[in-house]
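K.L.:
Structure below; questions to follow.
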Amino acid sequence: MKLGIIGLPRAGKSTVFDALTQNSTGPEHKQRDRIATVRVPDNRVDALSRVVNPKKTIYTQVEYFLAGHKKDGAAAPWLSAALRDCDALLHVIRNHVAYGFDTPSPARDFNRLDQELVLADLEVAEKRLQRIALDHKRGKKMDPEEYDLLTACRDCLENEIALRSKPDLAAAHCLRGFAFLSAKPVLILFNNEDDDDRLPDIEGLAAAQECLVIRAKLEQELAQMVPDEAAEFLAEFDIPASAMDRVIRQSYALLDLISFFTIISSEVRAWAIKKGTRALEAAGHIHSDMQKGFIRAEVISFQNLITAGSYSEAKKQGTVRLEGKAYEVQDGDIIQFRFNI
């Protein structure tokens, strides 16, 4: 999972990046692109490791990307081409007083930047449609599906509507190569004052978009603390969980992701997949050979394995079962794939 951080100037993007990645960067780093990979915390992985005692324990990971501020007149950092590779966007919105800036207006700031994304996508769609028309005049056969989908995108974008509001259009396989920015799922992070943990009163916005409150300066301090200090800090400021944990959890929900696990004698590993993924595709997520030679999936739920205390005991209790390629993987499944190439 790759998440791109966007926001207007002084929204607190760098502070949020530091809080989410447990990094500490100075102002001199703001001019370069920053990428950081964070382990996804999962108590189930920890519990499985205690049962299996493997040599290696591998968690799923999330990658954060923050575009740098260029001084050479380049496009706005939130329109960086690298953002098109991200699975979702974290839109940081200022909801605190900033010196030299007017009173925070979250709705205005959201709409301003969102329209930048819409305009960027409109330019991409129009250029491609122009190219298709030109090729058609030269006798080249067009792809009618691509043409119709791009026309629908253009019409939507011309009306200042983000493509994410049209799920079927945003998810069209034919359009994946365009990686439209306004089609990406968005998680709004309201960057509040240190003593304010409330969502701003924005009619319609909170209902239409996924939102979280983050007190970025506090969270930045928290990210630099040792676990015992962090626990006291969370309790003192009535923060239910760190920003890193909350954003990852919300991002999983936003992207409709679940986790399954694999266990061998030397390794416990977590894998993130889309909810509704079949066993055959889950096998391919690990290795293409597993998918090609798929025979059966040996499945047990996390809770049944923990209750049994070991895999061999779970087999004796009859809680390990065989599933076919059409089986829909469930969150927390532990799977051993049987395959033959």
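K.L.:
Restricting to the range 172-190, name every residue that is more than 18 Å from LEU83 (Cβ to Cβ) and in contact (Cβ under 8 Å) with a residue 12 or more places away in the chain. Outline the logic, then answer.
P.N.:
Quick first cut of the range 172-190, residues more than 18 Å from LEU83 (Cβ to Cβ) only: 172-174, 190.
Scanning the range 172-190 gives ALA172, CYS174, PHE190.
K.L.:
For the range 307-341, give me the residue count where each residue is in contact (Cβ under 8 Å) with a residue 24 or more places away in the chain and small (Gly, Ala, Ser).
P.N.:
Here is the first cut: in the range 307-341, the residues in contact (Cβ under 8 Å) with a residue 24 or more places away in the chain are 309-311, 322-341.
Filter once more, keeping what is small (Gly, Ala, Ser): 309-310, 324, 326, 332.
Residues that pass the stated criteria total 5.
K.L.:
A further question follows. Do any residues in the range 1-21 that are crowded, with 19+ Cβ neighbours inside 10 Å and in a helix (DSSP H, G or I) have Cβ atoms under 7 Å from those of residues that are among the aromatic types (Phe, Trp, Tyr) and modelled with pLDDT of 90 or more, where the two are at least six apart or on different chains, and which pairs are they?
P.N.:
The qualifying pairs are PHE17/TYR64; LEU20/TYR64; THR21/TYR64.
K.L.:
Restricting to the range 246-268, name every residue that is out of contact with any Lys or Arg (no Cβ under 8 Å at 6 or more places or on another chain), surrounded by fewer than 20 Cβ atoms within 10 Å (Cβ to Cβ) and either at pLDDT 95 or above or of a type outside the set (A, V, I, L, M, F, W, C) (or both).
P.N.:
ARG246, ARG249, GLN250, TYR252, SER265, listed by residue number.
K.L.:
Anything in the range 196-230 that is assigned to a helix (DSSP H, G or I), modelled with pLDDT under 80 and either of a type in the set (D, E, K, R) or under 15 Å from PRO106 (Cα atoms) (or both)? List them, or say none.
P.N.:
If the condition is that a residue be assigned to a helix (DSSP H, G or I), modelled with pLDDT under 80 and either of a type in the set (D, E, K, R) or under 15 Å from PRO106 (Cα atoms) (or both), then LEU205, ALA206, ALA207, ALA208 are the ones that fit.
K.L.:
Within the range 44-51, identify whether any single residue is within 30 Å of VAL124 (Cα to Cα) and either of a type outside the set (Phe, Trp, Tyr) or at pLDDT 90 or above (or both), and answer yes or no. Please lay out each step first, then the result.
P.N.:
Step one: list which residues in the range 44-51 are within 30 Å of VAL124 (Cα to Cα), which gives none.
Scanning the range 44-51 turns up no residue that is within 30 Å of VAL124 (Cα to Cα) and either of a type outside the set (Phe, Trp, Tyr) or at pLDDT 90 or above (or both).
K.L.:
Give me the residue from the range 153-195 that is of a type outside the set (A, V, I, L, M, F, W, C) and in a strand (DSSP E or B) and, out of that set, modelled with the lowest pLDDT. If you could, list the steps in order and put the result at the bottom.
P.N.:
Going through the range 153-195, the residues of a type outside the set (A, V, I, L, M, F, W, C) turn out to be 154-155, 158-160, 164-168, 173, 176-177, 182, 184-185, 191-195.
Right, trim to in a strand (DSSP E or B) and you get 191-192.
Values: ASN191: 92, ASN192: 89.
This residue is ASN192.
K.L.:
Tell me which residues, restricted to the range 85-141, are touching a residue at least 24 places away in the same chain (Cβ under 8 Å), among the β-branched types (Val, Ile, Thr) and either part of a loop (DSSP other than H, G, I, E, B) or more than 30 Å from ASP201 (Cβ to Cβ) (or both).
P.N.:
VAL97, VAL124
K.L.:
Would you say ALA120 is touching a helix residue (DSSP H, G or I) at 6+ places or on another chain (Cβ under 8 Å), surrounded by fewer than 18 Cβ atoms within 10 Å (Cβ to Cβ) and modelled with pLDDT of 90 or more? Even if it seems obvious, please write down each step before you answer.
P.N.:
Working: touching a helix residue (DSSP H, G or I) at 6+ places or on another chain (Cβ under 8 Å): yes; surrounded by fewer than 18 Cβ atoms within 10 Å (Cβ to Cβ): no; modelled with pLDDT of 90 or more: yes.
No, not satisfied.
K.L.:
On to the next question. Identify all residues within the range 144-188 that are within 16 Å of LEU129 (Cβ to Cβ), acidic (Asp, Glu) and surrounded by fewer than 16 Cβ atoms within 10 Å (Cβ to Cβ); write none if there are none.
P.N.:
Matches in the range 144-188: GLU145, ASP148, ASP155, GLU158.
K.L.:
Consider ASP197 carefully, then state whether it is exposed (fewer than 13 other Cβ atoms within 10 Å of the Cβ), in contact (Cβ under 8 Å) with a residue 12 or more places away in the chain and touching a Lys or Arg at 6+ places or on another chain (Cβ under 8 Å). Let's see the steps before the verdict.
P.N.:
Values: exposed (fewer than 13 other Cβ atoms within 10 Å of the Cβ): no; in contact (Cβ under 8 Å) with a residue 12 or more places away in the chain: yes; touching a Lys or Arg at 6+ places or on another chain (Cβ under 8 Å): yes.
The answer is no for ASP197.
K.L.:
Going through the range 292-305 one residue at a time, which ones are free of Cβ contacts under 8 Å to residues at least 40 places away in the same chain and surrounded by 18 or more Cβ atoms within 10 Å (Cβ to Cβ)? Let's see the steps before the verdict.
P.N.:
Of all residues in the range 292-305, those free of Cβ contacts under 8 Å to residues at least 40 places away in the same chain come to 299-301, 303-304.
Scanning the range 292-305 gives VAL299, ILE300.
The values are calculated or read from the model by the stated rules, or taken from the named source; none is laboratory data. Just so it is clear, the model here is predicted, and its values are computed rather than measured. With ideal geometry, Cβ positions are generated from the backbone for all residues, glycine too; neighbour counts draw on all protein chains shown.
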